[in-house]
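As structure tokens, the structure follows; a few thoughts come after it.
The values are calculated or read from the model by the stated rules, or taken from the named source; none is laboratory data. Worth saying up front: this structure is predicted, and the values here are computed from it rather than measured. Here the Cβ positions follow ideal geometry from the backbone for every residue, glycine too, while neighbour counts run over all protein chains shown. All accessible areas refer to the heavy atoms of the entire protein, side chains included, with ligands and DNA or RNA removed. Shrake-Rupley method; radii C 1.70, N 1.55, O 1.52, S 1.80 Å.
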Amino acid sequence: MNVIKVLIIFMVTYSSAYANCIGHKTFVLAMKQQVDSTSMKGNRKNSEHIHEKLQKIIQNNVNLKGISRFVIGKYWNLSTQKEKEEFLKEYEVYLARLCAKILYKYINNSEMIIMSTKAVDDETCLIGTRFSYGDEEFTNIDFKVTKSDSSFLINDVVMSGISISINQRSQFSEKIDTNGMASVIDELKRNNNL
């Protein structure tokens, strides 16, 4: 009798966790459709136009502020209010451009298959996808999607097992350690104005 109760509880818990990821999965599918329609609408020869459209998709679908705050890491408490504001502003621009490049390179002109969904907590799901480009060429990309109120945002992207957020945090930590916060902000400003 106890085994049956445990199985019923497991099935209800598992099915509710899966049901909680349906909206997250739909969000990822809708974002893929936005990317596909952008590349169709824009002039393929005008990559600047396409990248602008992709950056708009990023701004609407990625938690740029949250990721930027995560990337600054331990330096948040060590920075002045002005440095925090400047870093977040410039890093958000940088991150939007980086994500647009990823969308263009890996997601544009590919077939997407949802490989898995996994509830991380009540609001967050990891959506495992595979983007195929030909007979045997593909890239696995996992989207960490969080629901907030009635909207969804991507909080991290994991490509071939490497977290973009964690990788960026490590890179920027090293840059700040070596050159200081002011120098890193100046470098972001220069790169963002190219």
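For region 114-161, filtered to residues that are of a type in the set (A, V, I, L, M) and open to solvent by 60 Å² or more (accessible area, probe 1.4 Å), the residue that is nearest to the chain's Cα centre (by Cα) is VAL120. The residue that is modelled with the lowest pLDDT, counting only those in region 1-31 that are crowded, with 17+ Cβ neighbours inside 10 Å and out of contact with any Phe, Trp or Tyr (no Cβ under 9 Å at 6 or more places or on another chain), is ASN20. Pairing each residue of region 99-112 that is open to solvent by 30 Å² or more (accessible area, probe 1.4 Å) with any residue that is part of a helix (DSSP H, G or I) and among the polar types (S, T, N, Q), provided the two are 6+ apart or on different chains, yields C-beta distances under 7 Å for ASN109/SER39. Given the conditions (1) outside any helix (DSSP H, G or I); (2) at pLDDT below 90, and given that MET115 satisfies all but one, which numbered condition is not satisfied? Unmet condition: (2).
Scanning region 131-149 for residues that are without any contact (Cβ under 8 Å) to a residue 60 or more places away in the chain and within 23 Å of ILE67 (Cα to Cα) gives THR139, ASN140, ILE141, ASP142, LYS144, SER148, ASP149.
Residue count for region 56-80 under the criterion of being crowded, with 18+ Cβ neighbours inside 10 Å and closer than 23 Å to ILE107 by Cα: the result is 8.
So that you can scan it fast, the table gives a plain yes or no per residue for (1) part of a strand (DSSP E or B); (2) closer than 14 Å to LYS32 by Cα; (3) not basic (Lys, Arg):
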position	(1), (2), (3)
TYR104	no, yes, yes
THR129	yes, yes, yes
VAL158	yes, no, yes
VAL184	no, no, yes
ARG190	no, no, no
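Being assigned to a strand (DSSP E or B), more than 20 Å from ILE57 (Cβ to Cβ) and not aliphatic (A, V, I, L, M) is a property that does not hold for LYS144.
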